[in-house]
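S.K.: Below is one structure. I have some questions about it.
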Amino acid sequence: MIRVALVDDQVMVRAGFRMILESEPDLTVVGEAGDGRDALDVIARCSPDVVLMDVRMPVMDGIEATRRVVASGGHARVLILTTFDLDDYVYAALRAGASGFLLKDAPAEQLINAVRVIAAGDALLAPSVTRLLIEEVSRRPAVDANAVAPGLAELTQRELEVLKLMARGMSNGEIATQLYLGEATVKTHVGRVLTKLNLRDRVQAVVLAYEAGLVVPGEPA
């Protein structure tokens with residue numbers, strides 16, 4: 001059973017999410033909060049696997065709450081849900097350690113799938129969010145890759161290839177096809193990349209790859 005906490009300042013929005021999620025036999029809502037500060041208490045008390053986090057809320061916004069959830073070192077993973085498809089929210093949320101980002105108007109099936117994907121330890125970005133992330137990072141001045149992530153020097157050539165393809169939004173299966181590898185082998189490489197770079201998940205790997213200039217928007221994979 002996947003335990004979910006709902007954090008949104010609108011009661012009706014939380015009710016809608018609860019109805020969607022609890023219609024599935026493997027999902028259960030264990031707590032709710034109307035702002036980021038209350039969310040921290042709910043998460044500590046209820047130990048959810050996944051937190052559906054709104055961005056704009058009173059008292060403490062979802063970005064700061066996400067940052068604190070991740071910094072606490074617990075196992076809860078955050079899925080940002082917002083009506084605002086804006087660069088600054090996307091980038092700030094992902095930098096804070098969110099494991100995924102979806103718009104609130106996404107179909108119910110996408111929401112359910114996103115919760116399952118993130119609970120399984122992977123990460124998820126909607127295509128529109130990936131585009132905004134790339135655009136945001138590409139506007140920033142170039143930086144020294146080793147300064148951004150000293151662990152890059154520890155990656156093997158194959159691991160570096162895998163990281164670059166991850167940044168292109170490829171799944172493990174797609175990477176396996178591209179590099180003529182078995183999917184299990186790719187999964188192993190992904191795990192090693194995350195470990196060597198001290199990253200929580202694929203979302204952080206994508207952010208790092210663009211920040212370090214390993215991938216340039218518009219270049220072919």
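The values are calculated or read from the model by the stated rules, or taken from the named source; none is laboratory data. Predicted model only: the values in this text are computed from it and were never measured. A quick note on method: Cβ atoms are made from the backbone with ideal geometry, for glycine too, and the neighbour counts reach across all protein chains shown. These area figures cover heavy atoms from the full protein model, side chains too; ligands, DNA and RNA do not enter into them. Shrake-Rupley method; radii C 1.70, N 1.55, O 1.52, S 1.80 Å.
S.K.: If R0 is 30 Å, what FRET efficiency do you get for Arg192 and Lys104 from their C-beta distance, rounded to 0.05?
M.R.: E between Arg192 and Lys104, to the nearest 0.05, is 0.25.
S.K.: For region 40-45, take each phi angle, set θ = phi - 60°, evaluate the Karplus expression 6.51 cos²θ - 1.76 cosθ + 1.60, and give the result in whole Hz per residue in order, putting x for glycine and proline.
M.R.: 4, 5, 4, 5, 5, 7
S.K.: Heavy atoms only, probe 1.4 Å: what % of the accessible area of region 6-117 goes to carbon and sulfur, would you let me know?
M.R.: Carbon and sulfur atoms account for 53 percent of the accessible area of region 6-117.
S.K.: Once phi is turned into ³J(HN,Hα) by the Karplus curve 6.51 cos²θ - 1.76 cosθ + 1.60 with θ = phi - 60°, what whole-Hz value does each residue of region 93-105 show in order, with x for glycine and proline?
M.R.: 5, 5, 5, 6, x, 4, 8, x, 8, 9, 7, 5, 8
S.K.: What does a probe at Met60 reach in region 24-41, counting residues whose amide N is under 12 Å from the point 7 Å along Cα→Cβ?
M.R.: Under 12 Å, as judged by backbone N against the label point of Met60, lie 34-41 of region 24-41.
S.K.: Based on the mean of other Cβ atoms within 10 Å per residue, sort peptides 16-29, 38-51 so the most packed one is first.
M.R.: Packing order, densest peptide first, comes out as 38-51, 16-29.
S.K.: May I pose another question? Taking the solvent-accessible surface of protein heavy atoms with a 1.4 Å probe, what is the per residue accessible area of region 1-72 in Å²?
M.R.: Per residue, region 1-72 has 47 Å² of solvent-accessible surface.
S.K.: Related question: Round to the nearest 10 and report in Å² the accessible area of Val117, as given by a 1.4 Å probe over the protein chains' heavy atoms.
M.R.: Its accessible surface works out to 40 Å², give or take rounding.
S.K.: Given labels modelled 7 Å from the Cα in the Cβ direction, how far is it in nm from Ser171 to Thr185?
M.R.: Placing both labels 7 Å along Cα→Cβ, they lie 2.0 nm apart.
S.K.: ³J(HN,Hα) across region 159-173 via Karplus (A = 6.51, B = -1.76, C = 1.60, θ = phi - 60°), whole Hz, x for Gly/Pro?
M.R.: The phi angles translate into 5, 5, 4, 4, 4, 5, 6, 4, 5, 7, x, 7, 7, 4, x Hz.
S.K.: Output the peptides 154-163, 92-101 sorted from most to least packed, where packing is the average of other Cβ atoms within 10 Å over each peptide's residues.
M.R.: 92-101, 154-163
S.K.: Related question: Under the rule a/c < 1.5 gives rounded, and otherwise a/b versus b/c splits prolate from oblate, where does region 7-48 land using the Cα gyration tensor?
M.R.: The shape class here is oblate.
S.K.: Next up: Using 0.36 nm per residue of separation minus the Cα-Cα distance, give me the extension gain between Ser72 and Ser23 in nm, one decimal.
M.R.: So the chain would gain 14.6 nm between Ser72 and Ser23.
S.K.: Residues in region 166-201, backbone N under 17 Å from the label point at Ala153 (7 Å along the Cα-to-beta-carbon vector): list them, ranges by number please.
M.R.: So the set is 196-198.
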